[in-house]
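**Student:** Okay, handing you the structure first.
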Amino acid sequence: MDSDPPLLSTYRALFDARDRERIDPDAIALTAASDECELPLIDLDRLNVAGHDGRDATEKCKREIVEAASQWGFFQVVNHGVSNELIARVREEQVSVFRRPFAKKATEQLLDFAPDSYRWGTPTASSPDQLSWSEAYHIPLTPSAAPGPTEGATRHIVEEFSTAMSRLAHKLAGILAEGLGEGDQGYIKEKCTCNTCYLRLNRYPPCPIRCGAFGLTPHTDSDFLTILHQDHVGGLQLMQGKRWLTVKPNPHALIINIGDLFQAWSNNMYKSVEHRVMSNAKLERFSVAYFLCPSYDTVIQSYAEPAIYRKFSFGEYREQIKEDVRLMGRKIGLTRFLAVQSL
């Protein structure tokens, strides 16, 4: 049985309509990145060096993290504490769950995860530029019910990996809070717990469309920060200035990017940067992302005055995104929450 979701048959009409309009030659191809970039690479081992030299190394490492978050919004880390063995085990389990027949993925709950955790394509898409050529498991990190013996291994690996990613996320969030002069890191620790964060397993099938498609449409992340592991295939691109740049894959590094909530809380010191994934005509791509999110009732308020953004709850922010996607087919984001709206 075929494991691929029926992306082509479901969304062919969108691409046929685009071809009839004779876009020159294709909006997606015209915006493809031409340059490959290497993100700032930060060795977190320097946070653990003892002695006077260690303090200097630690402070330098922290400054590099703050500078990368301010200037790029993206950076890479090595010696991050998530073992290569654990990453490899997650990848093995990830491939296995996506290899299941599509009919089972679409109708049968995976382990004890939420029944709607499996997603594919973009049901609301009305044009190719709103479509993500991908499938994913969106996994809220709630406590596990007791899985059966054959399911236990997968659930255990997911939980072990999530715990390691959570530890890293909180370490980096603490450094970034300290960089704002916010010495009390209790805010993020209190609001972002295992019950509010989530893991997303992504697969991007090969795309046979002549001019290509987005594997994931351009967007910013709506959390505090995201930790991503991507495979060797590549396809991740980020916006710098007015150009899309392709991120060179580094199998030994994890990619960190700032989300909207950190941009709002930092009063624009840290940048939530637009990014996307381009599909590949021949190769499938896998990635796994951890999202550091607060509870929906958490109030986000800029740490400095004058505040660029008004106060808002995370739940309010998510609802506004859903409404914008429903009405306009895309996320608007933080500009909806400016303290002073332009006329």
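The values are calculated or read from the model by the stated rules, or taken from the named source; none is laboratory data. Because the structure is predicted, anything quoted here is derived from the model rather than measured. Cβ placement follows ideal geometry from the backbone for every residue including glycine, while neighbour counts extend to all protein chains displayed. These accessible areas exclude ligands, DNA and RNA; they are computed on the full protein's heavy atoms, side chains included. Shrake-Rupley method; radii C 1.70, N 1.55, O 1.52, S 1.80 Å.
**Student:** Sort through Ser287, Ser295 and tell me the only one that's surrounded by 15 or more Cβ atoms within 10 Å (Cβ to Cβ), closer than 21 Å to Tyr198 by Cβ and small (Gly, Ala, Ser).
**Tutor:** That would be Ser287, the only listed residue that is surrounded by 15 or more Cβ atoms within 10 Å (Cβ to Cβ), closer than 21 Å to Tyr198 by Cβ and small (Gly, Ala, Ser).
**Student:** In addition: Ala164 passes all but one of (1) at pLDDT 95 or above; (2) closer than 26 Å to Pro205 by Cα; which number fails?
**Tutor:** The one condition Ala164 does not meet is (2).
**Student:** Additional query: Got a number for residues in the range 55-80 being surrounded by fewer than 16 Cβ atoms within 10 Å (Cβ to Cβ) and either touching a His at 6+ places or on another chain (Cβ under 7 Å) or not in a helix (DSSP H, G or I) (or both)?
**Tutor:** Final tally of qualifying residues: 2.
**Student:** With the structure loaded, tell me whether Tyr290 is modelled with pLDDT under 95, outside any helix (DSSP H, G or I) and either of a type in the set (Ser, Thr, Tyr) or touching a Gly at 6+ places or on another chain (Cβ under 6 Å) (or both) or whether it fails that test.
**Tutor:** no
**Student:** A further question on this structure: Specify which of the listed residues (Ile28, Ile42, Ile87) is more than 18 Å from His156 (Cα to Cα) and modelled with pLDDT of 95 or more. Break it down stepwise before answering.
**Tutor:** Numbers: Ile28 fails: modelled with pLDDT of 95 or more; Ile87 fails: more than 18 Å from His156 (Cα to Cα).
Going through Ile28, Ile42, Ile87 in turn, the sole match is Ile42.
**Student:** Do we have Ala177 as open to solvent by less than 60 Å² (accessible area, probe 1.4 Å), closer than 30 Å to Asp16 by Cβ and modelled with pLDDT of 85 or more here?
**Tutor:** For Ala177, the condition - open to solvent by less than 60 Å² (accessible area, probe 1.4 Å), closer than 30 Å to Asp16 by Cβ and modelled with pLDDT of 85 or more - is not met.
**Student:** Give me a count of the residues in the range 293-317 that are touching an Asp or Glu at 6+ places or on another chain (Cβ under 7 Å) and part of a helix (DSSP H, G or I). Explain how you work it out, then say what you get.
**Tutor:** Kept after step one, since they are touching an Asp or Glu at 6+ places or on another chain (Cβ under 7 Å), are these residues of the range 293-317: 293, 303, 313, 315.
Imposing the further condition that a residue be part of a helix (DSSP H, G or I) reduces the set to 315.
Adding up the residues that qualify gives 1.
**Student:** Among the residues in the range 318-331, are any under 28 Å from Gln94 (Cβ atoms), open to solvent by 80 Å² or more (accessible area, probe 1.4 Å), assigned to a helix (DSSP H, G or I) and not hydrophobic (A, V, I, L, M, F, W, C)?
**Tutor:** Within the range 318-331 (the criterion being under 28 Å from Gln94 (Cβ atoms), open to solvent by 80 Å² or more (accessible area, probe 1.4 Å), assigned to a helix (DSSP H, G or I) and not hydrophobic (A, V, I, L, M, F, W, C)), the answer is yes, since at least one residue qualifies.
**Student:** Hey, another quick one. So if I check each of Ser127, Ser134, which one is hydroxyl-bearing (Ser, Thr, Tyr) and touching a strand residue (DSSP E or B) at 6+ places or on another chain (Cβ under 7 Å)?
**Tutor:** Among Ser127, Ser134, only Ser134 is hydroxyl-bearing (Ser, Thr, Tyr) and touching a strand residue (DSSP E or B) at 6+ places or on another chain (Cβ under 7 Å).
**Student:** Report, by residue number, each residue of the range 90-120 that is in contact with a Pro (Cβ under 7 Å, 6 or more places away or on another chain) and surrounded by 17 or more Cβ atoms within 10 Å (Cβ to Cβ).
**Tutor:** Correct list: Phe102, Leu111, Trp120.
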